1. Evaluate the Debye formula for the stretch A:6-239 with equal point scatterers sitting on the alpha carbons, no solvent, and hand back log10 of I(q)/I(0) at q = 0.07, 0.14 Å⁻¹, in q order, two decimals.
2. Taking the highest mean first, how do the peptides A:178-184, A:102-108, A:230-236, B:160-166 order by number of other beta carbon atoms within 10 angstrom per residue?
3. Taking the alpha-carbon set of the stretch B:39-294, what are its Rg and Dmax in Å?
4. Identify, among B:Thr223, B:Ile264, B:Trp274, the residue whose Cα sits farthest towards the positive end of the charge dipole of the stretch B:197-284, taking +1 on the Cβ of Lys and Arg and -1 on the Cβ of Asp and Glu, with the dipole about the Cα centre.
5. Roughly how many nanometres apart are two label points built 7 Å out from the Cα toward the Cβ at B:Leu240 and A:Gln325?
6. From the P(r) of the protein assembly as shown, could you give the percentage of C-alpha pairs in the tail past 48 Å?
7. Based on the Cβ-Cβ distance of A:Ser370 and A:His312, what FRET efficiency does E = 1/(1 + (r/R0)^6) give at R0 = 51 Å, to the nearest 0.05?
8. For the protein assembly as shown, what does -39500 (n - 2.57) per DSSP helix run (n ≥ 4), summed and divided by total residues, give at 222 nm, in deg cm²/dmol to the nearest 500?
Amino acid sequence: MTAAILKVSEITKTFPGVKALDEVSFDIRPGEVHALVGENGAGKSTLMKVLAGLHQPDGGEIIYQGEPMQVAGPLDARQKGILLIHQELSLSPELSVAENIYLGAWPTNRFGVLKKRELRRNAASALDALGCGFGPDVRVGTLSVAMQQMVEIARAEAFSANVVIFDEPTASLTDTEKDQLFHTIRGLKAQGVGIVYISHKMDEIFDITDRVTVLRDGRVQGTLETQDTDLNQVTRMMIGRTLDTYFVKAKEEFGTEVLRVDGLSKSGHFSDVSFSVREGEVLGLYGLVGAGRSEVVETIFGVRRADAGQVHWKGAPIDLPTPRQAIDMGMALVPESRKEQGLVLMMGGRENTSLPHLKLFSGMAVMNRSKELVTYEKYQSALAIKTTGPDQAMSQLSGGNQQKFVLAKWLCANPKLIILDEPTRGIDVGSKSAIHELIAELAEQGLAVIVISSEMPEVLGVSHRVLTMSEGAVVAEFKGADMTEENLIDAVSHHRAPDAA
Amino acid sequence: MSHVTDVPTTGPMNTVLTWLLRNHIWVFLALTVTVFSLASPYFLTVNNIGNILTQGAFIGILAIGMTMVMIDGEIDLSVGAILALASALAIGLQDHMGVWPAICLGLLSGAALGFVNGTLVALSGMHSFVVTLGGLIGIRGLVFVYTGENALMVQDFSYTEIPEIYIGPISLTAIIFFATALFFQWVLSSTRHGRETYAVGDNIEAAHDAGINVKRHKIINFTICGTLAAVCGILLSMRLGTAEPNAGKVWELWTIIAVVLGGIRLQGGFGSMWMTIGGVLTLAVLRNGLRLLNTPNYVELMVMGAVLVLALVLDKLLNHGGDGQ
């Protein structure tokens, strides 16, 4: 066994309220492709940002080429031979390929005048080594995404990188482009470069990597030789049991059917999805990231159009072209990314709560502030939201309190069905259980609730019934005593076996 | 951002075409020159061309600094006020300390104010629009205080003869404009600072990740912009022999119009001095041509407004392929 080129030992990194990395240790050997897997929020990005010098660890040690290393910043990391290839490419579209390869580290004389010939020559040889089909003078903005990625990879050649970290490199590539990328990665590997490969796509992990390290909740669950393991084992390590929390489940008193979905399909996203949900029922939708859960509910809500299938609302077939109509009908969708879709961060709780229902709060286009205030106060106390006042900006609130306002703003329209997409992502444990209690309360008041979550204990804890989704299809349904972690894991992982994909 | 899928092939025809596509303002300029040449017999004379260049040079010198700041993705609204202050100082102080020290102090005031603008933008995190809007009002106030609300007259009229140097029909002012523009074009294309300017304006995250000191970089460009505004103010005071407290009022807007006309985008990361020179000359030609045709002032403004919008539509169509960005 060759000695590790980079060794991370007991790295800890804490952000306010979250321990993102908890004594994480792993190593990279020269000439290996080392996968880093885990669900969202497991700590993968934090770990690679520490390696690339974007975050400073709170504790622990990085040993690089046998010596302890401090990384001052991204450029420092690059010059030491550690290169991070971002998912969102870190390039300047208006500059040339050569200028981008050496971004911020252009060869200059001592008066800061560029040595253009040297720049071109070095860039050209880096591009040649990778077998790129374009020259150093092309403007990066005119290249395809795959080519732009090659420009970033060319930095590995240009800076003689020893460690290259790929973050979800295939996210926006076609299959052919992916094959080319893998060819390039194998080329780097043959040169003895140590490669960290972060991806959600399991078939890629089993295709290209030599070892797999699984992270969960900021801790390393284990490092395995890829050839000695299988999908089932990796999946178990990724999603297995987290902290036991106490869950309140709503009483099983179901009314009439609110929503029924028959054979809903959208090519490339999901196919033949059917299910129904009744008044007072909490339906869990479980699956790994990318299983198509969010896409299904967005389609029901009118954000996307289905290719086939029918949605029934209280027994009658409906066709929802826009979310506005879904809202008017009595649906509410609380999206996954609060900041992007759910809240106006500059506004306070009062204004955010009334935002989707401005008509309810205005007479002749003039806002009725006191009515707004009454509603705000009602939900603020009902959901126990901690604020300094109705106009405290959202950006100053914690994730948990923000999420409660997202709920408040949908609840004040009195919906019949509420869909919660990852309702507790990124919020602290205390707020999590408050949200869970709220879900139970809503169901007991007669709302139909759909909860999407990739946290298994949460889905099992709050739902009366769980559907598991995998690769765009509903693969199993569990209720009562069948709702166990084992069953859910089996349902998700068997379907995702690489040979079946 | 343009998304051309195939890599452009290089050939002499293609290079010229690509250059014209990016610098379409020169086509526009050629068009306006042709139109005015046909419309007025006085337009295409050596004397008038010299006039256009001199008149355009004042806005032009401001536009050079503005270009640096705008490629960074920022804006400087205080150039008109800095110009007025520098011209007032250059005239007001020369009785006390002599012409050249007064000029130097005028320049220094511009550099200092530019530095303050840049520092405030870089360190406070406020948008430069707000910071320099404050400068626009505050510095103008300072000018009124210093001049006592009166125009300062030059005592020694040899001062007004300093810029009376001509190469053929081209005045010293115009020469300073072109030389400075070419120098900064070289800075943009061939120095580290120039590459940083594009990188910062284009993708500030990438620039920061690449170890570029974004704050220091922006301060430098604001200082350049302030200094050039002072250069413009001093040249103006030489030309007029007086320093009006209202000198350069709304010139910041004409400067931005010239730069934007050239094809430089407000969001930054894109542009060159060639574009700025094209924009400045087009604006100067339009003004001069319309006056030769005895166009009333308000019609002149209407035409310029229309041309500005038209040029931007053209830019959108040519360089964005109508992708709705």
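Where a number appears in this text, it was derived from the coordinates with a stated rule and is not lab data. Fair warning: this is a prediction, and the values are worked out from it, not measured in the lab. Using ideal geometry, Cβ is built from the backbone for each residue, glycine included, and neighbour counts are taken over all protein chains shown.
1. Calculated log10 I(q)/I(0) at the listed q: -0.23, -0.90.
2. Ranking the peptides A:178-184, A:102-108, A:230-236, B:160-166 by packing returns A:102-108, A:230-236, A:178-184, B:160-166.
3. 18.1, 57
4. B:Thr223
5. So the two model labels end up 6.4 nm from each other.
6. Values: 125359 of 340725 pairs.
Result for the distance tail: 37 percent.
7. My answer for the efficiency is 0.80.
8. Roughly -15500 deg cm²/dmol at 222 nm, from the helical runs in the protein assembly as shown.
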